[in-house]
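Read-outs throughout are calculated quantities, based only on the coordinates presented, and are distinct from any laboratory measurement. As the structure is a prediction and not an experimental result, all values here were calculated from the model. All Cβ positions, even for glycine, are placed from backbone atoms using ideal geometry, and neighbour counts span all protein chains on display.
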Amino acid sequence: MHDFEMSRELRGLKLGDHRLHLRASRILDAIALHPGVGFPSALGSEAEVEAFYRFVNNDAVTPDALLAPHSSESWLRAQAKGAVALVLHDTSEFVFRGETPRQGLTQKSTTQSFHGHYALAVAEGVAPVVHGVVGQRSYVIEDKTWLEASGEREEFVELLSGSERWTELVSAVGRSAPSNLSIVHVADREADDYALWTCIVEQGDDFVIRAKHNRRLFSANDNLFIALEDEPFVVSREVKLSRRSNTRLPGSKRTHPPREHRPARLSIRAGRAEVKRPVGTAPLGDPTMTLSVVEVVEIDPPFDATPIHWLLLSTLPVDSSEDMLRVVDIYRKRWLIEEFFKSIKTGCAAEKRQARTLWSLLNTIALLTPVAWRLLAMRAMARHEPDASADRIVDEVELAALRHIAKDVKLPRRPSCRQVMLAVARVGGHLTGGPAAN
């Protein structure tokens, strides 16, 4: 993590004043070196800390402006990797503790919070290649009403429903995506929404979304949950399930219960279903939509584990076992956006930042976003292939800078991904003792 890499994430920054551009670069460089520590330690002096707070409270500085260059670089990375990009969507609540009130946040008895809704671009394929954040919106909830933090400070836009945030961000991604990329939107059960499907299809993209609702089908007396009951299971796959902690939001624990890391054997079948448009969605979209349906069932799960059972809806074909496996593997990439939230909250300590207004917090988190992406991109690849050459996660300039910064770490001439990650952890203060090159 260093200025050579991070400087690319601010190329094209437009704040209307070159002094603000220079300040943004200095802040990002400092955060990148020490992403998990407090700003006084990371920035190095009281004057730099004061300059930071002036920057994030400046009316000319907005989250959209700070994120725009990173999103542009993310799309360039996606174009360099192939003709298809997966865009993962999810929402996470950012919770701040303490009694000091923070203007603009949702106030609860012991906490204050806002919700960040993100779109993360990743590559299709076995390796977990993360391109970056290509869309983001922020919301507070007041009396069960979702309010979007608008581009103007201290102003909000009321959503017609909480689900509207999905179509809004999908549309924004569609407008920013390069025309030569095929986009597949990937989301969990909360995105099981006919209006959202319609938005994706109308802009020429595809999707893989896990079903939540037992929808009516065009065939008489049929429903989605029994659509595949006469279809045989035709293919299986061995996968490794990641650990899921018990610290999730209360509303999600039923559908995403905690679990330990374990292997799983999945059995898969698929078919096509013509889904009826819900009454409340009309006149938006067509009266029916024909989708691929892929059912995934875990075989012989541990007796004390919640077995995997997914029903995936997609616009992609499922004519062969290879097609079915592709849909399943695309959905399995969704874990990367959960890892992104861990990276920005834990690796970059987003929920420990002391800004006193929603707008300064959003600017702060926008600055943390490219750092969180970089941490995730490096960690995901290092976990996937720890003994692979480090050129999978850093280039020659980055490696030279890391050798210079981590002077007490003896990296070999051709280090592995694991060795580079350990050196980065040492520089960031996340690891002490023991040689990183071991």
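For the chain, what's the relative contact order in percent, using C-alpha pairs closer than 8 Å and at least 6 residues apart?
Relative contact order here is 16 percent.
Going down the list Lys108/Lys342; Lys240/Lys345; Lys333/Lys410; Lys212/Lys345; Lys240/Lys342, which pairs span over 31 Å between their C-alpha atoms?
With Cα atoms farther than 31 Å apart: Lys333/Lys410.
Please give, to one decimal in nm, the separation of the simple spin-label points placed at Arg413 and Glu158, each 7 Å out from Cα toward the Cβ.
In this crude spin-label approximation the distance works out to 6.9 nm.
Give me the percent of DSSP beta bridges within the chain that run antiparallel, rounded to the nearest 5. Could the numbers behind the result be given before it?
Values: 62 of 72 bridges.
If we restrict to bridges inside the chain, about 85 percent are antiparallel.
So what's the projected area for the chain, the Cα convex hull averaged over all directions, in nm²?
23.0 nm²
Which of Leu88, Leu224 comes first, and how do the rest follow, when ranked by fewest Cβ neighbours within 10 Å?
Leu224, Leu88
Sort out for me the Cα centre separation of region 96-164 from region 178-196, rounded to whole Å.
Centre-to-centre (Cα) distance: 19 Å.
FRET efficiency for Ala47 and Thr111, Cβ-Cβ distance as r, R0 = 30 Å, nearest 0.05?
Working from the Cβ atoms, E equals 0.40.
How large is the helix-only mean residue ellipticity at 222 nm for the chain, computed as the sum of -39500 (n - 2.57) over DSSP H runs with n ≥ 4, divided by its residue count, in deg cm²/dmol to the nearest 500?
-10500 deg cm²/dmol
Name the aspartates and glutamates eligible as straight-distance cross-link partners of Lys276: C-alpha to C-alpha under 13 Å, and not fewer than 8 places from it in the same chain.
Qualifying aspartates and glutamates at Cα under 13 Å: Asp193, Asp222, Asp286.
Please name whichever of Ile268, Thr198, Trp373 sits farthest to the positive end of the charge dipole of the chain, dipole taken about the Cα centre and charges placed at Cβ: Lys and Arg +1, Asp and Glu -1.
Trp373
How much net charge surrounds Glu164 when only the other residues with a Cβ under 12 Å from the Cβ of Glu164 are counted, with Lys and Arg +1 and Asp and Glu -1?
Local net charge: -2.
Would you mind classifying region 15-115 by shape? Square roots of the alpha carbon gyration tensor eigenvalues, ordered a ≥ b ≥ c; an a/c under 1.5 is rounded, otherwise it is prolate if a/b is larger than b/c and oblate if not.
Judged from the Cα gyration tensor, region 15-115 comes out oblate (a/c at least 1.5, b/c at or above a/b).
Among the complete DSSP H segments of the chain, which ones combine at least 18 Å of alpha-carbon extent along their axis with a mean Kyte-Doolittle hydropathy of 0.0 or more? Let's see the in-between values first.
Numbers: long enough: 18-33 (23 Å, 0.34); 63-81 (27 Å, -0.53); 164-176 (19 Å, -0.43); 358-384 (37 Å, 0.83).
Qualifying helices: 18-33, 358-384.
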